[in-house]
Ligand SMILES: NC(=O)C1=CN([C@@H]2O[C@H](COP(=O)(O)OP(=O)(O)OC[C@H]3O[C@@H](n4cnc5c(N)ncnc54)[C@H](OP(=O)(O)O)[C@@H]3O)[C@@H](O)[C@H]2O)C=CC1
Ligand SMILES: N[C@@H](CC=O)C(=O)O
Ligand code: NA
C-alpha cells in the first residue's frame, strides 16, 4: 500500500473548495483512518487566475481535464464540476485508466449511474456518489450498508433544500413565493437555473438514485412522476394548516409485491409526521424497512463543507478498499427486474380544492361522482367566497386508487356545479404504514 494517495479534482467551486479544505484541515485524522497521507495534486478549473479560498500551488491548476485524468500519479478522481455528457465521457475515460471515481453529480448519476458503476466494476475500480443525494446526509451509505439486511418498503424524502426553504418561508412567515425563491437564490441553495429545483427535477434525480438502491431495481429518471411547487398558493397552505397539514415537496418511493412507484410532488403531510418539522433548507429521508420499521436521516442537503464531508468519507472508503485490495468488488448490478405499479396499484389520499356554484344539490352532485368512482370523503370544508353564489369546497379523501382518481378528475370538469378545480395534492403521513 502506498504511503501517499493522490487525488485529482475536477472542479474547485463551492464543493471542490470544501473538499480541499477538509483534506488539508483533517489530514491527521484521515491519515490515522486510512493509514497513509492524502493529497490533492491536480485540479481542473475554468479560470486559473480566479482568486481561490484555499491554498493550492498555481502549478496544480489546469484547464485540461486529461492532465488530471491521465496523470499516472493520480489514484482517485473527485468530480465536482457538474455537467452531464462531457463529464460522463471524462469519468468513463478515468475509470478506463483504472482511476477510482467519487462524484457529487446527481444529474449524471441519475441518468448514467448504472453504466458508470458497471464500467467501474469492469475496471476493478470504485465509483462512489454519497454527495449526489442530500449533500451531507449519509443516506446512500445508510441504504447500502446500514440497512443492507432489510427489505425497504417506503422512502419519503425532502431532498431539495431550495423548495423546502421556499415552502417554510411561505408557511411560517407568510412570505410570497417569488421573494422566498429570491432569498434561496441569494443564499446559494438554488441551482444556477432554479427551474430544476422548483419544478421538482432536482428532487426527481435524487429519488431515482435512492429508489434504485433501496429496491435494487434499475429505476430510471423517466420512471419518476414529477410535479413541482410553482403553482402552490397561499390559499392551499392556509387550508392545509386548518386541516392539520404542512406542505412539503416530497419524493415518494414505495414497493409492494415487487412493483415500485416513484414520484415527486407537493404533498400535504400530517403535522405529526417526522418530515413535517424538517424546515428551511434542511433535507431528510424517512425510510420504512420491513424489519427495522421507521428510521429518518436528517441534515444539510447542500453547502460546501457538508457536501465535502460526504465526498471525503467516500475517499476514505476508496482508500480503505485500496488497503484491503477490494476495489470494484462491491455488487453493483440490481437484484430485481424493474416492475412499476400500474395506476390501479397505486393508492393515496388526496386534498382537492374546488370552486362550486353555491346552490341546492351541489354537494349531492359531488358525492354521487366521488362514490361512482369508489372514492370516499374523510374531511370536508365549505367556505363562502367573495363572489356571490360561489363557494370554496375542500375535500380530503380516504385512500383510493390512482386509476379512480384519474377517472374522477376527468369527469368532475363536466359537472355543471363545478366552476373550477383549484388544486389537487397528495396527502401522506396519517395512520400506520
Ligand atoms: N453546491 C452544493 O451544495 C452541492 C453541489 N452538488 C453538486 O456538486 C457539483 C459541483 O457543484 P458546485 O461546487 O456548487 O459548483 P460550482 O459552480 O461552484 O463549481 C464548479 C467548478 O467546476 C469548474 N468547472 C465547471 N465546468 C468546467 C469545465 N468545463 N472545465 C473546467 N472546469 C470547470 C469551475 O471552474 P472555475 O472555478 O474556474 O469557474 C468550478 O471550479 C455539481 O454536480 C452539483 O450538482 C451536490 C450537492 C450539493
Ligand atoms: N439545489 C439543490 C442543491 C443540492 O443538491 C437543493 O436546493 O437541494
Ligand atoms: Na448524501
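Any read-out appearing in this document is the output of simple, stated calculations on the displayed coordinates, not a laboratory observation. The shown structure was predicted, so the numbers you read here are calculated from the model rather than taken from an experiment. Virtual Cβ from ideal backbone geometry, glycine too; neighbours counted across all protein chains shown.
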R0 = 25 Å: FRET efficiency of residue 114 with residue 73, Cβ-based, nearest 0.05?
0.25
Send over the semi-axes of the chain's equivalent ellipsoid, whole angstrom and largest first, taken as the square roots of 5 times the C-alpha gyration tensor eigenvalues.
46, 23, 17
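Counting only DSSP beta bridges with both residues in the chain, tell me the antiparallel percent, nearest 5. Before the final figure, lay out each step's value.
Numbers: 54 of 81 bridges.
Of all bridge pairs located within the chain, approximately 65 percent are antiparallel.
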Between the modelled labels at residue 55 and residue 382 (7 Å from Cα along Cα→Cβ) the distance in nm is 7.4
Once both axes come from the Cα atoms, what is the angle between helix 85-96 and the longest principal axis of the chain, in degrees from 0 to 90, rounded to 10?
40
Quote the FRET efficiency, to the nearest 0.05, computed for residue 25 versus residue 257 with a Förster distance R0 of 41 Å and r equal to the Cβ-Cβ distance.
0.25
Give me the number: length gained by fully extending residue 372 to residue 66, i.e. 0.36 nm times residue separation minus the C-alpha to C-alpha distance, one decimal in nm.
103.8 nm
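Would you please classify the overall shape of segment 343-428 from the alpha carbon gyration tensor, given that a ≥ b ≥ c denote the square roots of the eigenvalues, rounded means a/c under 1.5, and beyond that prolate means a/b larger than b/c while oblate covers the rest?
Prolate shape, in that a/c is at least 1.5 and a/b is the bigger ratio.
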Based on alpha-carbon centroids, what's the gap between segment 69-121 and segment 354-377 in Å, whole number please?
55
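Per DSSP H run of at least 4 residues, take -39500 (n - 2.57); add these up for the chain, divide by its residues and hand me the 222 nm value, nearest 500 deg cm²/dmol.
On the way: 13 runs with 148 residues, N = 433.
One gets -10500 deg cm²/dmol as the mean residue ellipticity at 222 nm.
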Suppose R0 equals 60 Å; then what is the FRET efficiency for residue 420 and residue 97 from their Cβ-Cβ distance, rounded to the nearest 0.05?
0.50
Say each of residue 47 and residue 32 gets a label point 7 Å from the Cα, pointing the same way as Cα to Cβ; how far apart are those two points in nm?
4.0
Could you let me know the centre-to-centre spacing of segment 292-337 and segment 124-180, using Cα atoms, in angstrom?
14
Expressed in nanometres to one decimal, the distance between label points 7 Å along Cα→Cβ at residue 193 and residue 235 is 3.2
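What is the packing order of peptides 66-75, 333-342, 277-286, taking the mean over residues of other C-beta atoms within 10 Å and listing the highest first?
Numbers: 66-75: 16.8, 333-342: 12.6, 277-286: 20.9.
Taking the mean over residues of other Cβ atoms within 10 Å, the ranking is 277-286, 66-75, 333-342.
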Within segment 210-245, name every residue whose backbone N is under 14 Å away from a label modeled 7 Å from Cα of residue 342 along the Cβ vector.
none
